[in-house]
Each structure stands twice: as structure tokens, then as C-alpha cells.
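Below is one structure, written out as C-alpha cells; comments come after it.
Values quoted throughout were computed directly from the atomic coordinates according to the rules given, and no laboratory measurement underlies them. This structure is a prediction, so every number in the text was calculated from the model and none was measured. Backbone-built Cβ (ideal geometry, glycine too); neighbour counts: all protein chains shown.
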Amino acid sequence: MNSQTHQTIDVTAAGKDFSFQVSREAYNKYINSVTPNNKVAPSHNFLVSTVDTEHKDALLELLKTHPGAEIQLVGAVLEEYTPDLGIVAKKRS
């Protein structure tokens, strides 16, 4: 499933392979739920809700045993999901 708004993203973490099915809706829900004081829970929820069913138990075990794994994994998944638009802010003279 690959399109502009829905992508399958494969990630290897701690020697295990995971596949995530990321949609624009899941991405938007994640972005809208992250706040300066609340990053881990939204990251956990995003990963668990988008991981393929056959990888869910391994993901939950990884998240339980590796502090900060949510943030590292969500960063890798989102980096792959979001396109590089080549945005450059120009300075005014």
C-alpha cells in the first residue's frame, strides 16, 4: 500500500523487523496529540495503532524493555512517511 497518503514503512529496531501502515489520518492524529509535556504516550499509541498485527507483540515487548524506544521509533517512521519538500526560508533584505 503506497500512495501519497498511505505508506507501508519497514523499520528494524533491536534486531527485529516491524512494518507500519501509516495513513494521513494516523499521522494527523499523532501530530495533533503531541504537546510539549506529552510526547511518549502519543508516540506509543501511534506506533501500536499502525504496526502490522503480526508485529504487535514484539513491538509491545520492545517498548516495554527499551526506555525511549517510542521516541526513536516514531522519529524513524515519521521521517520516512513525510516527504522532503526542499523548503528553504529566504531572508528578507
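Distance check, please: which entries in K29/K90; K39/K64; K29/K64 exceed 20 angstrom between their Cα atoms? Flagged as over cut-off: K29/K90; K29/K64. Among the listed values (i) 54, 33, 24; (ii) 50, 24, 22; (iii) 39, 32, 26, the one computed from these coordinates for Cα extents along the principal axes in Å is (i). Straight-line cross-link partners of K91 among the aspartates and glutamates, defined as a Cα under 16 Å from its Cα and at least 8 positions apart when in the same chain, are absent.
Label separation (E80 vs E61): 2.0 nm, computed from points 7 Å beyond Cα along the C-beta direction. Of the residues V11, V40, V74, the one with the fewest other Cβ atoms within 10 Å heads the list, and the complete ranking is V40, V11, V74. As a calculated quantity, the FRET efficiency between E54 and A13 at R0 = 22 Å, using C-beta atoms, amounts to about 0.90.
For the range 6-81, the relative contact order comes to 34 percent (Cα pairs under 8 Å, sequence separation of at least 6).
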